[in-house]
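Everything below concerns the one structure shown next.
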Number of protein chains: 2
Amino acid sequence: MSHVDHMNPIPLYTQLADILRERIKSGELPPRSLVPSESYLQQEHGVSRGTVRMAISILRDEGLVVTISGRGTFVKGRDLKGK
Amino acid sequence: MSHVDHMNPIPLYTQLADILRERIKSGELPPRSLVPSESYLQQEHGVSRGTVRMAISILRDEGLVVTISGRGTFVKGRDLKGK
DNA sequence: GAGAATTTGTACGTATGTATG
DNA sequence: ACATACATACGTACAAATTCT
């Protein structure tokens, strides 16, 4: 699953969170790396910004990423010691 | 329509794009001329910068203007040969 | 060349409204 | 009523490019 599927009954933000989580777990998005911007993900998946933000907030709640206002969202890793 | 109208149900960025397009078509903003800065338009119309940028991006998509980072947005004309 | 000011570029934070299931 | 999803529109902050002093 590399892109969200509008025909899939699973909520788009859930699908997108799953996709991003997989990219992190697989190492495609390594610790300390910058997660694609909301604007980029919005265009890449053809969803609204609100949907992208909901997906990212799920990962944030899971402690997988950290978001810095005006900078972006970064992948957290054990070598980041929770930071 | 010289200023955007917050009571008008038409989106502010659409209204502003319409106004600027008219200024270009009428010759008030001739080819090669500098379109007022985002900051100026923002104050002139009482809208946010993001709204101004959305309006200008419409004109850019229509090929009416060209934006140069750090310089400004310029009106395109036939004598500019698409540049 | 240095430094300030201007202007556009990027990115996130928040609020509200609309529509649908 | 609630969840999902999109659109509009405000704001903040900083970076990058250019221009001016």
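Throughout, read-outs are computed from the coordinates displayed, never taken from laboratory work. Keep in mind it's a predicted model, so treat the numbers as computed, not measured. In this analysis, Cβ positions are derived from the backbone assuming ideal geometry, glycine residues included, and neighbour counts consider all displayed protein chains.
Just to be sure I understand, how many residues within region B:24-39 are of a type outside the set (S, T, N, Q) and over 13 Å from residue B:56 (Cα atoms)?
Of the residues in region B:24-39, 7 are of a type outside the set (S, T, N, Q) and over 13 Å from residue B:56 (Cα atoms).
What is the number of the single condition among (1) more than 10 Å from DNA strand D (Cβ to nearest atom); (2) within 14 Å of chain A (Cβ to nearest Cβ); (3) touching a helix residue (DSSP H, G or I) at 6+ places or on another chain (Cβ under 7 Å) that residue B:57 does not meet?
Condition (3) is where residue B:57 drops out.
List every residue pair whose Cβ atoms sit under 6 Å apart, with the two residues 6 or more apart in sequence or on different chains, where the first one lies in region A:21-32 and is in contact (Cβ under 8 Å) with a residue 40 or more places away in the chain and the second, anywhere, is part of a loop (DSSP other than H, G, I, E, B).
A:24/A:64; A:31/A:77
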